[in-house]
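**Student:** Sending over a structure as structure tokens; questions will come in a sec.
The values are calculated or read from the model by the stated rules, or taken from the named source; none is laboratory data. This one's a predicted model, so the numbers in the text were calculated from it and none came from an experiment. Cβ coordinates were reconstructed from backbone atoms using ideal geometry, including for glycine residues, and neighbour counts include every protein chain displayed. Side chains are part of the model used for accessible areas, which takes the heavy atoms of the whole protein and leaves out ligands, DNA and RNA. Shrake-Rupley method; radii C 1.70, N 1.55, O 1.52, S 1.80 Å.
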Amino acid sequence: MLIDYVNNCTIFISNPSLPITSNVSFNNNTIGDSECNSESASLMWMFLIPAAIFSIVTLLVNPMILVSILKKDALRKETRYILLANVMVSDLIFILFNSVISTCNIIQWCLHKALCFAMIVLTFAAYSSCVLTFTAMVVDTYIAICFPLHYYSLLSMQRTRKILLAIWIFSTFFPLLVFLISESLEGNFLEAQNVCLMLYYGPDEKKNNLVTVVCALAIFFLLICSVMITFFYIKLYSMTRKSGIWVSRFSRARITLLTHSILLCLYIVPAFILTAEVMMFKNRVIGMDARIWISACNNGLMMIMPRALSPILYGLRYRELSATLKHWFSRKRVRTDSCR
């Protein structure tokens, strides 16, 4: 959540996870065309309630999935579970640093730019890592179904680790590059910021151009991942439609495809909305009132919700993982009853 200062009042409007959304002008008198009032500000705070609930669910459930994968040797040596574990780690990093930045912005605690950018880089890297890992998971499913005899040679555990390392390097490189370019335009690396932002637009034309470039690159990145995921899902359907797994209306294949598609959309679509919101507001297509509501709904609900649903809709549908969790909890329950 980023904070805009509008007529000396603070309104919850956006999310610091992506530098593409960090585009606020530091003008304490006026931003955009709208006036800030206490009623709209109180309504914006309502979106913090579902965001807090989803964050708590993520912080409670994700560690259980991770522990289940890491404790069982059979799960720890399978590519799909390692990829799923990376998604869980990325979500935890995203939620933790997003919450810290949001809290600092809300209480108006000034952070040095170095610390602010370090947290934003980690948050952005976690988001990008999650999207790229989901793309890798779809490719993994495609290879497992279409090339089962060559699966372990194409996606060995050593190669999977290299893929994950490459994902994190790529995810971290982009925000670092944006940071270096931004600092070359400002040159005030050690100063404290009123609000923890990575980019903002205002009177500086170079800053405005940088925001536009970042938004364009973000859309390009999301489009590539979306096209790859859609392509492999279509290929999987075309290659398995005659096998009989799609006959039943409530077959496991249909439900799995539906849940995975919904979850992937919930992860990717909010970033498209944020990018479109930034560019429309920058070009005066929408006013501040519209932007406040779009940002509050998008970031208070859609950006956080998939991270709470992911362990349930994605992780627990794996039979081995679900059985491990059930065995883990049943064993704990038996031990508790025996102690009594």
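**Student:** Could you please let me know if Met64 is modelled with pLDDT of 55 or more and under 30 Å from Leu177 (Cα atoms)?
**Tutor:** Numbers: modelled with pLDDT of 55 or more: yes; under 30 Å from Leu177 (Cα atoms): no.
Taking the combined requirement at face value, the residue does not satisfy it.
**Student:** So, one more: Residues of segment 262-283 being in contact (Cβ under 8 Å) with a residue 12 or more places away in the chain and either open to solvent by 40 Å² or more (accessible area, probe 1.4 Å) or part of a loop (DSSP other than H, G, I, E, B) (or both), which ones?
**Tutor:** Within segment 262-283, the first condition is being in contact (Cβ under 8 Å) with a residue 12 or more places away in the chain, and the residues that meet it are 262-264, 266-275, 277-279, 281-282.
Correct list: Ile262, Val269, Phe272, Ile273, Met279, Lys282.
**Student:** Pick from segment 291-305 the residues that are modelled with pLDDT of 75 or more and out of contact with any Phe, Trp or Tyr (no Cβ under 8 Å at 6 or more places or on another chain): which of them is surrounded by the most Cβ atoms within 10 Å (Cβ to Cβ)?
**Tutor:** My answer is Met303.
**Student:** Follow-up question, since we're still on this one. Across segment 140-153, which residue is most open to solvent (accessible area, probe 1.4 Å) among those that are under 28 Å from the mean Cα position of the chain (by Cα) and not acidic (Asp, Glu)?
**Tutor:** Filtering segment 140-153 for residues under 28 Å from the mean Cα position of the chain (by Cα) gives 140-145.
Checking which are not acidic (Asp, Glu) leaves us with 141-145.
Numbers: Thr141: 59, Tyr142: 33, Ile143: 25, Ala144: 43, Ile145: 87 Å².
Looking at the filtered set, the residue picked out is Ile145.
**Student:** On to the next question. Test Ser128 against the criterion of being among the polar types (S, T, N, Q), at pLDDT 90 or above and under 27 Å from Ala271 (Cα atoms), and give yes or no. Show your work before the answer.
**Tutor:** Details: among the polar types (S, T, N, Q): yes; at pLDDT 90 or above: yes; under 27 Å from Ala271 (Cα atoms): yes.
Spelling it out, Ser128 is indeed among the polar types (S, T, N, Q), at pLDDT 90 or above and under 27 Å from Ala271 (Cα atoms).
**Student:** Right, something else. Is there any pair with a first residue in segment 142-157 that is on the phi < 0 side of the Ramachandran plot and modelled with pLDDT of 85 or more and a second that is surrounded by 13 or more Cβ atoms within 10 Å (Cβ to Cβ) and of a type in the set (Phe, Trp, Tyr) whose Cβ atoms are under 7 Å apart and which are 6 or more apart or on different chains, and what are they?
**Tutor:** From segment 142-157, the pairs are Tyr142/Phe232; Ile143/Tyr151; Ala144/Tyr151.
**Student:** Out of Ser295, Ser310, report the one residue that is hydroxyl-bearing (Ser, Thr, Tyr) and within 14 Å of the chain's Cα centre (by Cα).
**Tutor:** Numbers: Ser295 fails: within 14 Å of the chain's Cα centre (by Cα).
Every option except Ser310 fails the conditions.
**Student:** Can you go through Leu210, Leu222 and tell me which one is at negative phi and at pLDDT 80 or above? It would help to see each step written out before you state the result.
**Tutor:** On the way: Leu210 fails: at pLDDT 80 or above.
Just one listed residue meets the conditions, Leu222.
**Student:** If a residue has to be in contact with a strand residue (DSSP E or B) (Cβ under 8 Å, 6 or more places away or on another chain) and farther than 19 Å from Phe124 by Cα to count, how many in segment 268-295 make the cut?
**Tutor:** Of the residues in segment 268-295, 3 are in contact with a strand residue (DSSP E or B) (Cβ under 8 Å, 6 or more places away or on another chain) and farther than 19 Å from Phe124 by Cα.
**Student:** Among the residues of segment 105-139, how many are over 15 Å from Cys225 (Cβ atoms), more than 19 Å from the chain's Cα centre (by Cα) and either in a helix (DSSP H, G or I) or polar (S, T, N, Q) (or both)?
**Tutor:** Total satisfying the criteria: 6.
**Student:** With the structure loaded, tell me whether Leu96 is under 25 Å from Met137 (Cα atoms) and either at pLDDT below 85 or open to solvent by 30 Å² or more (accessible area, probe 1.4 Å) (or both) or whether it fails that test. I'd like the intermediate steps shown before the answer.
**Tutor:** Numbers: under 25 Å from Met137 (Cα atoms): yes; either at pLDDT below 85 or open to solvent by 30 Å² or more (accessible area, probe 1.4 Å) (or both): yes.
Here the answer is yes, as Leu96 does meet what is asked.
**Student:** So which of Ser42, Ser22 is open to solvent by less than 30 Å² (accessible area, probe 1.4 Å), modelled with pLDDT under 85 and over 30 Å from Tyr142 (Cβ atoms)?
**Tutor:** Only one candidate passes the filter, namely Ser22.
**Student:** Looking at (1) under 22 Å from Leu264 (Cα atoms); (2) touching a residue at least 60 places away in the same chain (Cβ under 8 Å); (3) open to solvent by 30 Å² or more (accessible area, probe 1.4 Å), which is the only condition Trp168 fails?
**Tutor:** Trp168 satisfies all of (1) under 22 Å from Leu264 (Cα atoms); (2) touching a residue at least 60 places away in the same chain (Cβ under 8 Å); (3) open to solvent by 30 Å² or more (accessible area, probe 1.4 Å) except (2).
**Student:** Take the residues in segment 112-125 that are touching a strand residue (DSSP E or B) at 6+ places or on another chain (Cβ under 8 Å) and open to solvent by less than 10 Å² (accessible area, probe 1.4 Å); name whichever of them is modelled with the highest pLDDT.
**Tutor:** Cys116
**Student:** Continuing with the same structure: Pull up segment 99-111, narrow it to residues that are polar (S, T, N, Q) and either touching a Gly at 6+ places or on another chain (Cβ under 9 Å) or touching a residue at least 24 places away in the same chain (Cβ under 8 Å) (or both), then point me to the one that is most open to solvent (accessible area, probe 1.4 Å).
**Tutor:** Within segment 99-111, the subset polar (S, T, N, Q) is 99, 102-103, 105, 108.
From the residues that got through so far, the ones that are either touching a Gly at 6+ places or on another chain (Cβ under 9 Å) or touching a residue at least 24 places away in the same chain (Cβ under 8 Å) (or both) too are 99, 102, 105, 108.
Values: Ser99: 45, Ser102: 3, Asn105: 2, Gln108: 98 Å².
Only one residue fits best here, namely Gln108.
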